[in-house]
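To start, the structure itself, in structure tokens.
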Amino acid sequence: MATVSLRQITKNYGTQTAVKNLDLEVEDKEFMVLVGPSGCGKSTTLRMIAGLEDISAGQLLIDGVDVTHAEPSQRDIAMVFQSYALYPHMTTYMNMAFGLMKTTKLSKDEIRKRIMEAADILNIHDLLDRKPQEMSGGQRQRVAIGRALVRKPKVYLFDEPLSNLDAKLRGHMRAELKRLHSELGITVIYVTHDQVEAMTLGSRIAVMHDARIQQLDEPMTVYKKPENLFVASFIGAPEMNLLHCKIDKGFVGHPGLQSPISLQENSLNTTEEKVILGVRPEEISLAPLDQATLKGYVERVELLGPEALAEISIGEDRLTTRLRVDQVPAIGSDVGLKFDTDHLRIYNFETGKAIHI
């Protein structure tokens, strides 16, 4: 496998910048996920790595070799597309063999050996004689992955490969991709807008927005310690609760608080500074009104089987808390809430950047 280095990569379309000064180091055998909303630059970044888009500025290295302006065929990569991109008139066997026949000098026996190895890994032996129109979406996706596997490239690129599948099949295919990565030790760069895919698949995830990487880290670090308000609101379902607060000499105040929250000693020792307080839904619990940190009333309840989400109005703000279904309060009732003050996140009101406390 190989490393991939993106150094100050930029992509311009006329006066529009799709990717700006992007730095990214993908380690050997890493599963790197680029995640973000539509238009953030993640697919453009992947296409530049593949050689399907020209790089406007910066440098791209694969395994230490500068391939910034190299042809796609010279980069030793394989790409799996959202649309599968299978030849409709060819069987699965020929879809997997065709690229090897055209771009390598492998013998027919070696090509067949590779295809059978991939079929074993993906459990698609029964599909080898079928054409794409005779297969389900999940089966086509397996074939598309098999076509990439037989190439045995240095780097595998995936561009939202599961977005056309139903929810149950997406979950199954995520598990399969995780297994493949673990068993084969391959270098993967994977693009998705689905934060669940990002959190479950990635060794590290790069959260993108406005043509830049907003945060790059291990999934749970990004989840627990978002570096800015965009990451805080994008990663997590439901998203992080954000309360508009003020800080006065080390204490956080909010109209819904029973009493100001004391921060760590000597931290944020300012007066009347507007900030945003962030807390995850699962970090909030119900409490008796006389022992609560916050008081509010229940506006909405969403039942999710064994769990439920309750939306609580706290003055002009609203909080969502994740509860067991047997704890769900009645809509319109007054409730007390408490949360662990050791896990508070504070963000600058103007810049949205995390203030480390």
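Read-outs: derived from the displayed coordinates by stated rules, not from any lab. Predicted, not measured: the structure shown is a model, and the values here were computed from it. Cβ placement follows ideal geometry from the backbone for every residue including glycine, while neighbour counts extend to all protein chains displayed.
Details
- Test: residue in the range 184-193 that is closer than 30 Å to Gly39 by Cα, under 23 Å from the mean Cα position of the chain (by Cα) and without any contact (Cβ under 8 Å) to a residue 60 or more places away in the chain: no
- Filtering the range 175-216 to residues that are farther than 18 Å from Glu25 by Cα and among the charged types (D, E, K, R) leaves Glu176, Lys178, Arg179, Glu183, Asp194, Glu197, Asp210.
- The range 38-53, residues that are touching a residue at least 40 places away in the same chain (Cβ under 8 Å) and in a loop (DSSP other than H, G, I, E, B): Ser38, Cys40, Gly41, Glu53
- Residue within the range 24-37 that is under 11 Å from Ile9 (Cβ atoms), in a loop (DSSP other than H, G, I, E, B) and out of contact with any helix residue (DSSP H, G or I) (no Cβ under 9 Å at 6 or more places or on another chain) present: no
- Residue in the range 120-132 that is part of a helix (DSSP H, G or I), more than 26 Å from Ser182 (Cβ to Cβ) and more than 28 Å from the chain's Cα centre (by Cα) present: yes
- Cβ-Cβ under 9 Å pairs, at least 6 apart or on other chains, the range 201-217 side touching a residue at least 60 places away in the same chain (Cβ under 8 Å) and on the phi < 0 side of the Ramachandran plot, far side of a type in the set (Asp, Glu) and surrounded by 22 or more Cβ atoms within 10 Å (Cβ to Cβ): none
- Being outside any helix (DSSP H, G or I) and either in contact with a strand residue (DSSP E or B) (Cβ under 7 Å, 6 or more places away or on another chain) or more than 16 Å from Phe158 (Cβ to Cβ) (or both) holds for only one residue in Ala85, Ala70, and it is Ala70.
- For the range 151-165, the set of residues classified as over 18 Å from the mean Cα position of the chain (by Cα) and either crowded, with 23+ Cβ neighbours inside 10 Å or not in a helix (DSSP H, G or I) (or both) consists of Lys152, Pro153, Lys154, Val155, listed by residue number.
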